[in-house]
Amino acid sequence: MDHPAVIAYRDVMLLTPHKAARQAIAERVTDLERWRGVLDTWLINKHNPQNIAGMLDAYRRNSNGKTNGSGAASNTRGKQSAEQIERDLEIKREKQRRGTWHAGV
């Protein structure tokens, strides 16, 4: 399935979801920018990259714009810069590509 939200999941998590998960993503995700934010936050926080139900729940809870990508209340204190977050994401993606990074570790 080439739905843009499924493609975003594959690009960020470097995984291909099973058919039912692809359908759920395609049916529920309508805002790609918000979905990408959920995915990036999920990866940064080392949550299980295969917990698509959790990501979709975080996406749903994020619909009011008052929570971060993990569904938790946003905290403006101690936030990393966008550049630092992007660097962290690139490092984690590279480690995933090499097979040296695992969720929750």
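The values are calculated or read from the model by the stated rules, or taken from the named source; none is laboratory data. Please read these numbers as outputs of a predicted model, since none were measured by experiment. Here the Cβ positions follow ideal geometry from the backbone for every residue, glycine too, while neighbour counts run over all protein chains shown.
Points to keep in mind about this one:
- Qualifying position, being touching a Lys or Arg at 6+ places or on another chain (Cβ under 7 Å) and at pLDDT below 75, among GLY71, GLY65, GLY78: GLY71
- In the range 55-71, the residues that are closer than 19 Å to GLN23 by Cα reach residues that are at pLDDT 70 or above and among the aliphatic types (A, V, I, L, M) with C-beta atoms within less than 6 angstrom, at least six apart or across chains, in these pairs: MET55/VAL38; ALA58/VAL38; TYR59/VAL38.
- Flag for GLY37 being assigned to a loop (DSSP other than H, G, I, E, B) and either within 16 Å of TYR9 (Cα to Cα) or modelled with pLDDT under 90 (or both): no
- Whenever a residue of the range 13-32 is at positive phi, its partners that are part of a loop (DSSP other than H, G, I, E, B) and surrounded by 19 or more Cβ atoms within 10 Å (Cβ to Cβ), lying with C-beta atoms within less than 9 angstrom and at least six residues away or across chains, give the pairs LEU14/PRO49.
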